[in-house]
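Input: a single structure, listed below in structure tokens.
What follows draws every value from the coordinates through simple rules; no lab data is involved. Everything quoted here is computed from the prediction, not taken from an experiment.
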Amino acid sequence: MTCTCIETVNEKLATRNTRLSQAIMFQEANHPGLMLETDQIEKGRGKPKAVSMFLTYCPFCGVKYGEDAA
Ligand SMILES: [Zn+2]
């Protein structure tokens with residue numbers, strides 16, 4: 001099990017009706033990492049849609065997702 005930062009932060013955010021955006025991994029289902037939402041810079045017809053970033057490391061403690069904590 002990777003760190004429990006997501007659960008800890010989600011518990012705190014829940015008081016504000018908020019939770020972190022988690023990536024759903026169907027193949028490597030060890031640990032659903034965090035998804036960093038982004039904003040589209042230029043909007044309008046024909047503009048590429050914004051992409052989301054999937055974090056490899058926990059932004060709170062630095063542990064790599066999918067690896068057992070030592
Ligand atoms: Zn963490």
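Asn17 to Thr38: extension gain in nm, 0.36 nm per residue of separation minus the Cα-Cα distance?
On the way: separation 21, 0.36 × 21 = 7.56 nm, distance 2.03 nm.
5.5 nm is the gain from fully extending Asn17 to Thr38.
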**Request:** Would you mind checking which residues have amide H under 5 Å from Lys64's amide H? H placed 1.01 Å from N; only 5 or more apart, or other chain.
**Result:** Cys58
